[in-house]
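The next block holds one structure in the form of C-alpha cells; read it before the comments.
The values are calculated or read from the model by the stated rules, or taken from the named source; none is laboratory data. Source: prediction; values computed, not measured. With ideal geometry, Cβ positions are generated from the backbone for all residues, glycine too; neighbour counts draw on all protein chains shown.
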C-alpha cells in the first residue's frame, strides 16, 4: 500500500530550501583534460536542459560555465581547491533568477553568503570546519580519496554543506548497481541523505566512474541550477572529456 505524507508548512519550507542546492555542480580537477562538458538531460522527458563546461584557470582554480541548449550562457561558477580538494571555496551566479552563492574557507571556518534570487535578501553565516565536511564538487575528490574502501563495499558518511540553509547535513556514500544505460564496466556509488525527513523528498544521487582512471562518467540526481520558473529538476548528466 502506498503511503501518503502531509507536511507542516515549516517542513515544506525546509524541504524546498534544502532541495534548492544539492550535488550536481561538479568540477573535475583532472589536469589531463583541458575541457570537460556535461550535458544535462531531464530524467522525466529525456530533453536536453543545459550544458556545463569545466575548464582549468590556474593551479587549483576551475571555472564552470552553464549554457542553455541553444548555447546562451546563463550561469558561472569559480572553484578554488588550493586549500582543500574536498572543501573548496567557490562562487556561483545563476542569471536565470539571480541566485548567488559564495563559500570562502578562512581561519578554520566557512563563510557562506546566499541570495535566493535577484529580489531576495543576502544572507550571511559562518560554519565551523569539521572532519568529514564536503563542499560542492569536493564530493568527487572524496570518492577518489576513499575509492578502495568504497569499492570494497564500505559505507561512509559525510557532512555536506548546503549553502541555502547555511549548515551541513549528513549524507552516506555506498556502492550500488549502476543506472540502466550506464557504460559497461563502470563503478557506481550512491549518495543518500541520512535524515528521514530529507529522505522523503530527495532521491539518492547516483554517480558512475570509469574504474581505469576514476573519471566521472555520469551523474543522476537533482540539479543545483534552477530553470526559468525557479524549479530544480532531476537530471542525468553525461560527461565528455576534451
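In this entry, residue 77 is excluded by the filter for residues that are modelled with pLDDT under 95 and not in a loop (DSSP other than H, G, I, E, B). Screening residue 214 on (1) under 23 Å from residue 33 (Cβ atoms); (2) in contact with a helix residue (DSSP H, G or I) (Cβ under 7 Å, 6 or more places away or on another chain); (3) buried (at least 16 other Cβ atoms within 10 Å of the Cβ) shows it passes everything except condition (3). Being free of Cβ contacts under 8 Å to residues at least 24 places away in the same chain and either assigned to a strand (DSSP E or B) or farther than 30 Å from residue 118 by Cα (or both) is a property that residue 218 lacks.
Here residue 111 passes the criteria (1) modelled with pLDDT of 95 or more; (2) crowded, with 18+ Cβ neighbours inside 10 Å; (3) in a strand (DSSP E or B) except the one numbered (2). Put simply, of 150, 191 the only residue that is in contact with a strand residue (DSSP E or B) (Cβ under 7 Å, 6 or more places away or on another chain), free of Cβ contacts under 8 Å to residues at least 60 places away in the same chain and under 18 Å from residue 205 (Cβ atoms) is 150. Looking at residue 32, is it within 23 Å of residue 210 (Cα to Cα), modelled with pLDDT under 95 and crowded, with 20+ Cβ neighbours inside 10 Å? Considered against the rule, which asks whether it is within 23 Å of residue 210 (Cα to Cα), modelled with pLDDT under 95 and crowded, with 20+ Cβ neighbours inside 10 Å, residue 32 comes out as no.
Residue by residue, here is whether (1) surrounded by 13 or more Cβ atoms within 10 Å (Cβ to Cβ); (2) assigned to a helix (DSSP H, G or I) holds:
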residue: 120; (1), (2): yes, no
residue: 131; (1), (2): no, no
residue: 140; (1), (2): yes, yes
residue: 150; (1), (2): yes, yes
residue: 153; (1), (2): no, no
residue: 165; (1), (2): yes, no
residue: 182; (1), (2): yes, no
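Considering only residues in region 184-211 that are under 18 Å from residue 39 (Cβ atoms) and buried (at least 18 other Cβ atoms within 10 Å of the Cβ), the one that is modelled with the lowest pLDDT turns out to be 205. As for region 98-106, it holds at least one residue that is surrounded by fewer than 18 Cβ atoms within 10 Å (Cβ to Cβ) and assigned to a loop (DSSP other than H, G, I, E, B). Assess whether residue 228 counts as being in a loop (DSSP other than H, G, I, E, B), within 23 Å of residue 48 (Cα to Cα) and modelled with pLDDT under 95. Against the criterion (in a loop (DSSP other than H, G, I, E, B), within 23 Å of residue 48 (Cα to Cα) and modelled with pLDDT under 95), residue 228 qualifies. Evaluate the following for residue 169: is it crowded, with 20+ Cβ neighbours inside 10 Å and in contact (Cβ under 8 Å) with a residue 24 or more places away in the chain? Against the criterion (crowded, with 20+ Cβ neighbours inside 10 Å and in contact (Cβ under 8 Å) with a residue 24 or more places away in the chain), residue 169 does not qualify.
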